[in-house]
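The values are calculated or read from the model by the stated rules, or taken from the named source; none is laboratory data. What you see is a predicted model; the values in this text were computed from it and never measured. When we count neighbours, we look across all protein chains shown, and the Cβ atoms used for this are built from the backbone with ideal geometry, even at glycine. We work out accessible area using only protein heavy atoms, side chains counted, and drop any ligands, DNA or RNA first. Shrake-Rupley method; radii C 1.70, N 1.55, O 1.52, S 1.80 Å.
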Amino acid sequence: MLFKDVVGQQAAKQGFLNFHNAHRLPHAILISARDGIGGLAFGLAMTQFLMCEAPSADDACGACNACVKMQKLVHPDVHFSFPTIPPKPGSKAASKHYMADFRNAVLENPYISTFDWLQYIHAENKQGNITAEECREIADQLQLKSFEGGHKIQLIWRPEYLGKEGNILLKLIEEPPADTYLILIAEELENILNTILSRTQQINLLPVGYQDIAAALTSRLQLDSAKAHQIAQIAEGSYGHALRLAAESGNDLLSLMKEWFNGIFTNKGVLINEWVEKMAKTGREQQKSFFMYAQQMIAHTLRYSNITGYQAPLTEEEKVFAQKLAARDYSLSVFQHLDEALTRAAYHIERNVHAKTQLLYTSIQIQYILQGKSL
Ligand SMILES: [Zn+2]
């Protein structure tokens, strides 16, 4: 993974390079990044940069022996630990049993979520774990000489899964063997021991910018620009989430919104029911995305009705829809109630309510709000 393949995160890249160029890079680094914004991708790019035999000022070369091995995740001096489950009943969870799976899953999608990873190894409802035994093996392994004479790097993806066992690594973090880096990649700092936090240098990744997500979707997935912007708008800074949305989005969200409002405005129960049936057949993610999208469209509509000359970051077709809705001159409280209803709908869908009931309930609610009636 090269830095140029990490979506956005310019400030964090520069921060890392500054430390490196000033020879002040600490040996224990904790990357803090919430799900989908690229902690693992960034950690892999950092590792490849550190291992590269001919790096440029701001990235690995991508072509040397070390880079070729890193790009397949088979460099003998780069070790990985991540949450796993016991491979068979009675055995202990250990990353070494799942290296082939990890390579495949991460090379396929370096933005993979921990949940998707655990599903990838068929954990079903079992909790992932990084065990005390694995911590001891990490410590032993890093005492050995490197295979290729350069640095040794240990990546730990999701140190939250260490729990208290993390204390076994303290000595290693405090006094790492020569030429050794420990890179921890976390999402929830509140679930990491303070003893670890206080001994590592943190690199914090921020949510990915809207433009960066849209540009990556256009250039890497060949999505058309309108679709890429639509997805970027509801991905909330998570490129991982944007990838999931892109994979699922057979449905055009604006068309769905038009059909919905058409049923609501014409007060035709049959149209609303058709819409509910159609939406109920899509997945929960898609339903949640739809409500978030509708919320964004309502927010733009509110701005159109209140800000003269408002320039919305929307496609031409979306602008027409929002402007038509704005022309109906709703009061601010109508907008507030719409926003609340859509927020609640997304919230309940996420918590597994009966989808069809929720879709119908929200439709009726929106209809009442737009007609100025109380429920
Ligand atoms: Zn290289």
Whether any residue in the range 169-185 is within 29 Å of residue 52 (Cβ to Cβ), within 18 Å of the chain's Cα centre (by Cα) and open to solvent by 70 Å² or more (accessible area, probe 1.4 Å) is what I want to check.
no
Of (1) of a type outside the set (Asp, Glu); (2) open to solvent by less than 40 Å² (accessible area, probe 1.4 Å); (3) over 26 Å from residue 228 (Cα atoms), residue 348 satisfies every one except (2)
Scanning the range 46-70 for residues that are within 7 Å of the ligand (Cβ to nearest atom), touching a residue at least 12 places away in the same chain (Cβ under 8 Å) and part of a loop (DSSP other than H, G, I, E, B), which turns out surrounded by the fewest Cβ atoms within 10 Å (Cβ to Cβ)?
53
Scanning for something open to solvent by less than 20 Å² (accessible area, probe 1.4 Å), within 20 Å of residue 235 (Cβ to Cβ), in a helix (DSSP H, G or I) and free of Cβ contacts under 8 Å to residues at least 24 places away in the same chain, does the range 279-290 turn up at least one residue?
no
Pull out all pairs, ordered by first then second residue, where Cβ-Cβ is under 8 Å, the residues are six or more apart or on different chains, the first lies in the range 201-220 and is closer than 15 Å to residue 41 by Cβ, and the second is open to solvent by 70 Å² or more (accessible area, probe 1.4 Å) and modelled with pLDDT under 95.
207/236
Are any residues in the range 310-332 outside any helix (DSSP H, G or I) and within 22 Å of residue 210 (Cβ to Cβ), and if so, which ones?
310, 311, 312, 313, 314, 315
All conditions in (1) within 26 Å of residue 13 (Cβ to Cβ); (2) outside any helix (DSSP H, G or I); (3) open to solvent by 20 Å² or more (accessible area, probe 1.4 Å); (4) within 16 Å of the ligand (Cβ to nearest atom) are true of residue 73 except (3)
Tally up the residues in the range 152-164 that are open to solvent by less than 70 Å² (accessible area, probe 1.4 Å), more than 15 Å from residue 200 (Cβ to Cβ) and free of Cβ contacts under 8 Å to residues at least 60 places away in the same chain, please.
1
Tally of residues being closer than 15 Å to residue 157 by Cα, touching a Pro at 6+ places or on another chain (Cβ under 9 Å) and not in a loop (DSSP other than H, G, I, E, B) across the range 91-145
6
Positions within the range 72-87 being among the hydrophobic types (A, V, I, L, M, F, W, C) and free of Cβ contacts under 8 Å to residues at least 24 places away in the same chain, in sequence order:
none
Kindly indicate which of 90, 149 is small (Gly, Ala, Ser), without any contact (Cβ under 8 Å) to a residue 24 or more places away in the chain and within 16 Å of the ligand (Cβ to nearest atom).
149
Tell me, yes or no, whether the range 34-45 has at least one residue that is more than 28 Å from residue 122 (Cα to Cα) and in a loop (DSSP other than H, G, I, E, B).
no
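Among the residues of the range 132-153, is there at least one that is within 23 Å of the chain's Cα centre (by Cα) and either closer than 17 Å to residue 186 by Cβ or modelled with pLDDT of 95 or more (or both)?
No, the range 132-153 contains no residue that is within 23 Å of the chain's Cα centre (by Cα) and either closer than 17 Å to residue 186 by Cβ or modelled with pLDDT of 95 or more (or both).
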Going by the conditions given, is residue 23 more than 15 Å from the ligand (Cβ to nearest atom), over 15 Å from residue 157 (Cα atoms) and over 22 Å from the mean Cα position of the chain (by Cα)?
yes
